[in-house]
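> Encoded as structure tokens, here's the structure I'll be asking about.
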Amino acid sequence: MPILLLILLAMTAGCTMTTSNHRPVPPDVAQRPVSDTRHGDVRVDEYSWLREKENPEVISYLEAENAYAKATMAHTDELQETLYAEMLGRIKEDDSGVPWRKGDWLYYDRTEEGKPYPIQCRRRGSMSSPEQILLDENELAGDSEYLNISRWTVSPDGTLLAWLEDRSGYEQNDLFVKNIETGELIGEPVRNLGPWSLAWASDNETLFYTRQDETNRPDRVYRRNINDSGTGDELVYHDPDGRFFVGVERTRSGAWLLIGCGSQITSEYQALAADDPNGSFSMIAPRRNGVEYTVDHHGDSFYILTNDDAMNFRIVKAPVETPGAEHWVDVIAHDPDVHLLGHSMFKDFMAVSSRQDGYRGVRLMDLGTGRQRSIAPEEEVSSLTPGTNRAYDTDIYRFNYTSLITPSSIYDEDVATGDRTLRKRTEVLGGYDPENYETTRMTATAHDGIEIPMSIVHRKGVKPDGTNPVLLYGYGSYGFSMDPYFSSSRVSLLDRGVVYAIGHIRGGSERGRQWYEDGKFLKKRNTFEDFISCGEALKSSGWADPGRIAIQGGSAGGLLIGATINMRPELFCAAHAAVPFVDVMNTMLDPTIPLTVIEYEEWGNPNDPIYYEYMKSYSPYDNVGDLEYPDLLVTAGLNDPRVHYWEPAKWTARMRDHVTGESMLIMKTNMGAGHGGASGRYGRLHEIAFEYAFLLDRLGATSDDIVRR
């Protein structure tokens, strides 16, 4: 995938259980207000002191919140244990992934019972050959509370392994290189690098990686000769524009190294022949504001996916010697009904990921004849996406398939014949049977008449009779689409009668690029209105008991939750906002915070009075009112570099000052993780069990009687 595409006591009925929504607040909080004047407006941020991460008082405050959350949820302890056991019981702990081929080797990962992290392995030639362990992440983690291997890659000759590891969740990585045969580390680790980007040159000794600036933005590419420790690493490229993230990768063909620079709406690539590791990168097409493109290579051409004069993107090609836009020739023309999402080049064919009528699919194009055919999904409410395809010279294409009831499945398809082989379907233990569940798609009519799709899953026998507890999930930002996917953990909700719905709201790209454009900048409120319309439709259609609708979203989806409960608090009985981006104004007015400047192209620049007033109109932190809010769970990560812990902490504190009634309000911070929560699979299951216990408790759906009926 192109690097730029890489960048969150049981109730008996209803949501009426009451609890105190106050807990001790450090006495000096109210004594340290901060005022801010912008565009003639005076804003007072009485909780700005919570940004002081090194202040022991702040840590004590967060720990007190955690203790309060634990005490408030103590009546669900048994439910949490039950949920954890159920979810763990569906996982095949000793398992192995489907091997993928690169050169003479078959690579795969596997897991072992009782161990939280995967083990990366390979075998030469066939799976009957002896196993070679590349990286046992469990041994690597040791006693560390957190570990994330953001990227690993093997040298072209297969002898060396390079990897990037993060031990805090703050997405600052260290680079290690080792000899696979001997296990010996080569040279000293390189500290505090950018995540995700790592690429070998053809000489098997030159590595390219990225570093980050003071805002955690990957802004520089370095060249490192792993056998030369005396001269230091060479700066190859620096992008000073705070809107652009920088990455480096190698094409599937192996022939080219690419530096990609991307903002939210603009991109640019430079290329270097992989067999010329000490050479200079040359421009493919200079950046033009609003023009996005990604690059892959085949033969004497670069194949380019671009939105240049194509709202839903088109694919062009250009000679590697003259790759500028003036030489671009259409390969797949723009189609207003088909949103092209990505492309991958192979020796004899091109694979194109696309979306039509809201559904993901893949089409394969014979590069010799130009003939195309589509890989069709098996179910209506489903998702079909590219799989792991590392080999360039192959006649097999691998893809992933899943739905709300079908576990993740990996298929290999013969490109010439269309013969399809199921390589693996994730085994779900505990007696799971997809025949016991149903999926459907419905629409909600938005405030402006637009039809908003929703994907719904529930246990068979659940009817739209107005009595069901519902969990509605949404995101709606950055053009990211929330495609239907299977979750074995979610079965614990379905088996308690919960109807699970995904709102495919504007701000995503479910209905093409325009769907995204209609949910950003000065149209951002469409996202929140759409979500509210989904809630109303679930109620009016009978799928939901009007008093038992809960909502959930994370990161920018947490913004969705915060804005929605400010606008329509009475519509929902409970909400879970995970690592929520809720302090919109303070964050977007502070360019020193990671992601702020690049996100001017998503939300707008608040230094412009028009955007300032519009963003302020929906910012959850700035619109907390004296309202009877739904029961609310807020989760955060102390080391989160994307949505800093202080956003949910400040929001929760301000909510406590304003909320009326006796709704439950708790915040839980993982004190040793970042944006994605716990890194090991067992830790993450414990987090989900807590979150589900909160939602089921508030929905009055803690009984598993439906399983026995």
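> Sorting ASP448, ASP174 on the 10 Å Cβ count, fewest up front, what's the list? All intermediate terms of the calculation are to be shown ahead of the outcome.
On the way: ASP448 11, ASP174 14.
Taking fewest neighbouring Cβ atoms as first place, the list is ASP448, ASP174.
> Then there is this: Mind checking which lysines have their C-alpha under 25 Å from LYS178, skipping anything on the same chain fewer than 8 residues away?
LYS102, LYS115
> Placing unit charges on C-beta atoms (Lys and Arg positive, Asp and Glu negative, everything else neutral), compute the dipole magnitude of the chain about its Cα centre in debye, rounded to 20. Intermediate results must be reported in sequence, preceding the final value.
Numbers: 71 positive and 108 negative charges, 218 e Å.
Here the size comes out at about 1040 debye.
> Something else now. What residue among PRO469, HIS644, MET350 has its Cα farthest toward the positive end of the dipole of the chain, where the charges are +1 on Lys, Arg and -1 on Asp, Glu, each on the Cβ?
PRO469
> Still on this structure: So for CYS261, CYS534, fewest C-beta neighbours within 10 Å to most, what's the order? Could the numbers behind the result be given before it?
Details: CYS261 23, CYS534 28.
Least crowded to most crowded, the residues run CYS261, CYS534.
> Let me ask something else about it. Rounded to whole Å, give me the distance from the Cα center of the range 425-455 to that of the range 185-255.
42
> Turning to a different aspect of this structure: Sorted by mean Cβ packing within 10 Å, highest first, what order do the peptides 388-396, 541-549, 524-532, 72-80 take?
Averaged packing, sorted descending, gives the order 524-532, 541-549, 72-80, 388-396.
> Counting Lys and Arg as +1 and Asp and Glu as -1, each charge on the Cβ, what is the dipole of the range 149-255 about the Cα centre in debye, to the nearest 20?
Details: 12 positive and 19 negative charges, 56 e Å.
With Lys and Arg at +1 and Asp and Glu at -1, about 280 debye.
> Quick query: amide H of VAL499 versus all other amide H atoms, modeled in the peptide plane; which residues come in under 5 Å with a sequence gap of 5 or more or a different chain?
Residues meeting the criterion, in which the H sits 1.01 Å from N, are VAL470, LEU471.
> Cα centroid distance between the range 280-295 and the range 672-695, in Å?
A separation of 39 Å, based on Cα centres.
> Any idea how far apart ASP414 and GLU234 come out in nm if each label point goes 7 Å out from Cα toward Cβ?
Placing both labels 7 Å beyond Cα along the Cβ direction yields 4.8 nm.
> Pick the calculated percent of Cα pairs over 42 Å apart for this structure from (1) 36; (2) 27; (3) 54?
(2)
> Rounded if a/c is under 1.5, else prolate if a/b beats b/c, else oblate: with a ≥ b ≥ c from the C-alpha gyration tensor eigenvalues square-rooted, which is the range 431-708? List each step's numbers first, then the result.
Details: a/c = 1.61, a/b = 1.35, b/c = 1.20.
Prolate, because a/c is 1.5 or more and a/b exceeds b/c.
The numbers here are math on the coordinates, done by the rules we state, and not lab data. The shown structure was predicted, so the numbers you read here are calculated from the model rather than taken from an experiment. Note that we place each Cβ from the backbone using ideal geometry, even for glycine, and neighbour counts take in every protein chain shown.
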